[in-house]
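Any read-out appearing in this document is the output of simple, stated calculations on the displayed coordinates, not a laboratory observation. Predicted model, so just to flag it, every value in this text is computed and none were measured. Glycine gets a Cβ as well: all are built from the backbone with ideal geometry, and neighbour counts include every protein chain shown.
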Amino acid sequence: MTKKKKVLLFALCAVVFLCSLSFVACDKATIRKYNAVLYDSVKQYVKVDVIKEHLNMSESGRYAHNNAYFIIQTQEEFDKVFTSFPAEINFDRQTVLLEAKGFCTNVHDWKLIRLKFEDRKLYIYYNVLSPPLSDSTSSPHIRYIALVMNKVDIDEFDFV
């Protein structure tokens, strides 16, 4: 490889690296802008029977065929779904988004990586942090995931 090609390859790699850093910085800035905090397993705080009313459960009752979504903007809505919460919520400034997600393993932790708003819908991007394989299970159950963030005006959201 000629010296010129090496320099061009190095320059191309540097540009790709810097672009990826800018995307990561933008993602983190959006998360900070909305003070978004992901709570990746809140089952102990929810009224499971209330949430299961919104799920199409299997005949055995072990797993859900769909997910249930809740956009909680007031204390009254919160009290219908939650018994308590691991953080204090100020509904004048904050929104709680809750998803009851079927067919999930309870072992993996989630990390919030990006928020994207599009046509009154919020897309919540996350990474699954994998534990050692010996700790993984695949028994079907429902995972309860919450996102607390600054008040937003959305009609729907999705964890992707």
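Per-residue extension of 0.36 nm, minus the Cα-Cα distance of Tyr69 and Asp49, leaves a gain of 5.7 nm for this segment. Placing pseudo-labels 7 Å out from each Cα toward the beta carbon at Ser41 and Asp119 gives an inter-label distance of 3.6 nm.
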